[in-house]
């Protein structure tokens, strides 16, 4: 993927996650009742939602930073990508062991599994941008 499109995708994911983080931080009840499947994880825990909302906010800002500094941010990108992959992995394990119902394979697909897969798929392009930069310096 060329750098122009890579930056667009990273900015989109970044802005989406900033939005989700802010939603979690400032509209906890609305986030909990609106997002499909969240109630399957147990009763609302506002403090925990605030904590996770902060992580999403920071991950979103990090992706925006990566988009703006694509040639020098491979380690930050990898850290954020691993958060998303780890989060998706936790969901997979919880579905497999029965902590979440099997309906979560579909519920979690658009907002958990697909973003993690896309970030994994973008990793070679991010690394290529960083390698290209290191050869020109």
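Quick note: the coordinates plus some simple rules give every number you see, no bench work behind them. Not measured: the values here are computed from a predicted model. Every residue, glycine among them, receives a Cβ derived from its backbone with ideal geometry; neighbour counts consider all protein chains shown.
Residues in region 62-88 that are outside any helix (DSSP H, G or I) and either touching a residue at least 60 places away in the same chain (Cβ under 8 Å) or under 23 Å from residue 102 (Cα atoms) (or both): 70, 71, 72. Of all residues in region 41-61, exactly one satisfies the criterion of being touching a helix residue (DSSP H, G or I) at 6+ places or on another chain (Cβ under 7 Å) and either touching a residue at least 60 places away in the same chain (Cβ under 8 Å) or not in a helix (DSSP H, G or I) (or both), namely 44. Taking the numbered list (1) touching a helix residue (DSSP H, G or I) at 6+ places or on another chain (Cβ under 7 Å); (2) surrounded by 14 or more Cβ atoms within 10 Å (Cβ to Cβ); (3) touching a residue at least 12 places away in the same chain (Cβ under 8 Å); (4) farther than 30 Å from residue 127 by Cα in turn, residue 38 passes all entries but (3). Could you look through region 92-107, keep only residues that are touching a helix residue (DSSP H, G or I) at 6+ places or on another chain (Cβ under 9 Å) and not in a helix (DSSP H, G or I), and pick out the one that is surrounded by the most Cβ atoms within 10 Å (Cβ to Cβ)? By that ranking, first place goes to 100.
Out of region 12-29, which residues are touching a residue at least 40 places away in the same chain (Cβ under 8 Å), surrounded by fewer than 18 Cβ atoms within 10 Å (Cβ to Cβ) and more than 16 Å from residue 119 (Cα to Cα)? Residue satisfying the conditions is 19 alone. When restricted to residues that are within 24 Å of residue 7 (Cβ to Cβ), in contact (Cβ under 8 Å) with a residue 40 or more places away in the chain and crowded, with 18+ Cβ neighbours inside 10 Å, region 108-121 contains 2.
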